[in-house]
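Down below is the structure, laid out as structure tokens.
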Amino acid sequence: VLVFGFGSMYIINETEQAVVTQFGKPVGEAVEEAGLQFKIPIIQKVIKFDKLILEWDGSAKEIPTLDNKFIIIDAFARWRISDALQFYKSAKNETMAQSLLDDILDGAVRDEIANRTLVEIVRSSDREMALRDSESSSVNDNTEHSKILSEQGAREEIVASILQSVSAKLVGLDMGMEILDVHLKRINYIQTV
């Protein structure tokens, strides 16, 4: 009797949410309130998920830009489980969710970078680029080079576009996940650039 009494109780911390399953199928709604909760011992199992913000850290990828220059991009994102029940039904666990995010985020980053020029990606502001006097005479003769120097950086726009694309995909897939932000952690040139 004592074993059944203790087996019927479980505790949810403030940083957790849970789904109760019976023979592998979810029973009822997700448990999001912290405190002492009850279940049927032996038959029901509690699967806990983080309520905290989780991190996705992509691996560095070599991606061609719109002007056919290859750069290495390393991105990361922060996400959270917004609906534990739907998350359990679709992804089952954080490892599967990370794998799904690998596919979605890597694809969104690749698509956005491939549609931008190198200057747009590298520059993060639209301030005028100053040239030294010794360089200015030779650069001003080259109109293409002057055009490149006057282009605006689009890093914030790139990140916003990636975030919007990934958010729309996650909503469409109904995964119970929400992407909070995306950042380009590192941008490196390869030897030919």
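Of the conditions (1) in the same structural domain as Leu173 (by TED's automatic domain parsing); (2) over 17 Å from Ile12 (Cβ atoms), Ile43 clears all except one; give me its number.
Condition (1) is where Ile43 drops out.
Hey, among Ala60, Ala108, which residue is under 11 Å from the mean Cα position of the chain (by Cα), under 19 Å from Arg186 (Cα atoms) and among the hydrophobic types (A, V, I, L, M, F, W, C)?
Ala108
Filter the range 86-104 down to the residues that are surrounded by 18 or more Cβ atoms within 10 Å (Cβ to Cβ) and touching a Pro at 6+ places or on another chain (Cβ under 8 Å) and list them by number.
Hit for the range 86-104 is Tyr88, nothing else.
Taking the condition aliphatic (A, V, I, L, M) and modelled with pLDDT of 50 or more, does Leu149 pass? Full working, then the answer.
Values: aliphatic (A, V, I, L, M): yes; modelled with pLDDT of 50 or more: no.
In short, no.
When you scan the range 90-115, how many residues do you find that are under 17 Å from Val166 (Cβ atoms) and among the basic types (Lys, Arg)?
1
Kindly indicate whether any position in the range 53-69 is farther than 23 Å from Gln17 by Cβ and β-branched (Val, Ile, Thr).
yes
Pick out the one residue from Gly35, Gly107 that is surrounded by fewer than 16 Cβ atoms within 10 Å (Cβ to Cβ), at pLDDT 95 or above and on the phi > 0 side of the Ramachandran plot.
Answer to the check: Gly35.
Run down Asp126, Asp181 and say which single residue is at pLDDT 70 or above and of a type in the set (D, E, K, R).
Values: Asp126 fails: at pLDDT 70 or above.
Just a single option satisfies the conditions, and that option is Asp181.
The values are calculated or read from the model by the stated rules, or taken from the named source; none is laboratory data. Since the model is a prediction, treat every value here as computed from it, not as a measurement. Here Cβ is always computed from backbone atoms with ideal geometry, including for glycine, and neighbour counts include all displayed protein chains.
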